[in-house]
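As structure tokens, the structure follows; a few thoughts come after it.
The values are calculated or read from the model by the stated rules, or taken from the named source; none is laboratory data. As the structure is a prediction and not an experimental result, all values here were calculated from the model. Here the Cβ positions follow ideal geometry from the backbone for every residue, glycine too, while neighbour counts run over all protein chains shown.
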Amino acid sequence: MDQADRLRNIIKQNQVAPAKAARVITVTSGKGGVGKSNVSINLAVEFKRMGKRVIIFDADFGLANIEVMFGTIPKNNLADLIYQGKGIKDVITWGPMDIGFISGGSGIAGLTNLGREYINYLVQQLSELDSIADVIIIDTGAGISDSVMEFLVASGEVLLVTTPEPTSITDSYSLLKALKRNSRFSEESSTIKVISNKVSTSEEGKLLFSKLNTVVQRYLHLNIEYIGCIPQDHELSDAVMQQSPICISNTNAKSSKAFKDIAMTLMDIPHEAQVYRRGMAGFFANMVRGKHFS
């Protein structure tokens, strides 16, 4: 029996399948400073307005962007769940509009090197998230580090945030190249959607995607999809300084309306029905598949 089979047996023995698996959306970027965490938070706000139960998982190891932007300090993080015997509900911090937030903290570093006992417990706990949330947004670190790649190959739905800066476009391509070359990445069961951020006009947003898509199609033969743009907006910058999501502090701002449009596109009924749902426990199973555990 190989490691993947052993993992599947653990899940079968411990997971109580929810009536409906949560939709897991992983938000990432090729470089830092492109507004990735802003996208995660404001999409969460808009999903909540649509009646969805939302939890953000902060997987940006070493940074605390989500908690800073929410103005909320979590009492516990993923490490407390794994090593201190805390339950999943103990590590969820509830922010504005009752949007849940889980800090990855130092727990991210050893996530794929857990022993059988820890996997048993973690699968049980993560399975509960499928009953607590309709949508789980995973905010990864930026770049192509091993930890970021682990989250991306495990995800059935990736949102790639990029900006018109040449370095952002180049780094976005590098991220997609690394993902394409990862032996555990499955194009058949994954979708990659692109958001153009900090653009002057919608035309610039479309042009930015076109530039990226041209090189991706030519050299990687990887399907990516454009789902919208966020305009450069000083009111968004002000909201960040005030530690308040723009979609809460100013619903009339240009960026707020753009986040709403993208959220509506993502939640379009026919489209959403086609999303490959793994749930959070299934997501974790993909992360540790092929990894060594005792």
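Being at pLDDT below 95, basic (K, R) and either buried (at least 16 other Cβ atoms within 10 Å of the Cβ) or over 25 Å from S147 (Cβ atoms) (or both) is a property that R289 has. D58 falls short of the stated requirement of being assigned to a helix (DSSP H, G or I) and at pLDDT below 90. One residue stands out in the stretch 81-97 among those that are out of contact with any Asp or Glu (no Cβ under 7 Å at 6 or more places or on another chain) and surrounded by 15 or more Cβ atoms within 10 Å (Cβ to Cβ): the one that is nearest to I246 (Cα to Cα), namely P96. For the stretch 132-141, a tally of residues being surrounded by fewer than 21 Cβ atoms within 10 Å (Cβ to Cβ) and either modelled with pLDDT under 90 or acidic (D, E) (or both) returns 1. Give me the residue from the stretch 98-126 that is at pLDDT 80 or above and part of a helix (DSSP H, G or I) and, out of that set, surrounded by the most Cβ atoms within 10 Å (Cβ to Cβ). Selected residue: Q125.
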